[in-house]
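The values are calculated or read from the model by the stated rules, or taken from the named source; none is laboratory data. Because the structure is predicted, anything quoted here is derived from the model rather than measured. FYI the Cβ positions are ideal-geometry reconstructions off the backbone, even for glycines, and counts take in every protein chain you see.
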Amino acid sequence: MTLPTTLPLPHAIVAATGGWPEIRDPGMHGFLRCWAQWRQPAPRFGPVDAPTGRLPPRRRDIDPIALRHCLPHLWIFRIDPDLGNARLTLAGEEILFYWGRGIIGNDVFQLWGDDAVAQASRDSIVRCAATPAIIHGQPSNHAPKAHGLRVERLMLPLMNDDGAPFGVIGYSRFERESSWGETMRPRPSGRMQVYPLSQLPDLPPD
């Protein structure tokens with residue numbers, strides 16, 4: 001399934017100008033390169049609107065041994081077939097520590113509440129999986145400090161064996177703020193950029 005190209009980008013998501021996202025964190029960059037190497041070749045023949053370039057890896061292509069250096073930072077959301085929701089199926093130790101509770105099995109509305117934040121989170125997960133595209137979120141410097149955490153996120157699409165969107169695999173890097181509180185949930189990234197796979201070179205730079 002591919003989202004129509006005329007669908008407006010959710011609030012705070014902007015189209016990237018080209019190339020791969022600029023990743024400075026070594027763990028996050030290694031995660032991106034592993035994912036890029038697991039991408040599938042696009043079929044030579046297919047629907048007119050089929051994406052060009054390489055397709056997302058399948059869920060079963062993800063090798064936890066290759067990602068052992070960054071497993072504590074990783075998470076996976078699986079989207080519903082109707083794209084109406086997404087459920088967390090994996091969360092590393094670093095993710096669970098900063099949430100302060102067990103969250104595996106929760107959907108986006110259970111995590112962020114039935115409000116605009118949850119809607120924006122669901123929309124970004126769906127767009128990442130169904131476009132398919134990479135979404136890179138930078139920490140916000142403008143949200144209230146009371147949230148306690150600033151988060152950089154990298155979200156990468158996954159597909160099922162039949163080529164339908166499976167969901168997303170992501171990496172989160174947290175920055176603790178001076179007003180850190182144990183009950184504060186991580187806030188969404190501020191500025192997010194979307195990179196459609198059809199526009200990416202074969203591999204990110206070393």
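Quick one: which strands (runs of 3 or more DSSP E) lie wholly within region 1-92 and hold at least 2 residues that are at pLDDT below 90?
The qualifying strands (runs of 3 or more DSSP E) are 13-15.
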Any hit, region 81-90, residues being over 17 Å from residue 164 (Cα atoms), surrounded by fewer than 16 Cβ atoms within 10 Å (Cβ to Cβ), without any contact (Cβ under 8 Å) to a residue 40 or more places away in the chain and not acidic (Asp, Glu): no
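Going through 116, 164 one at a time, which residue ends up being closer than 18 Å to residue 81 by Cα and modelled with pLDDT of 80 or more?
Checking each option against the conditions leaves just 164.
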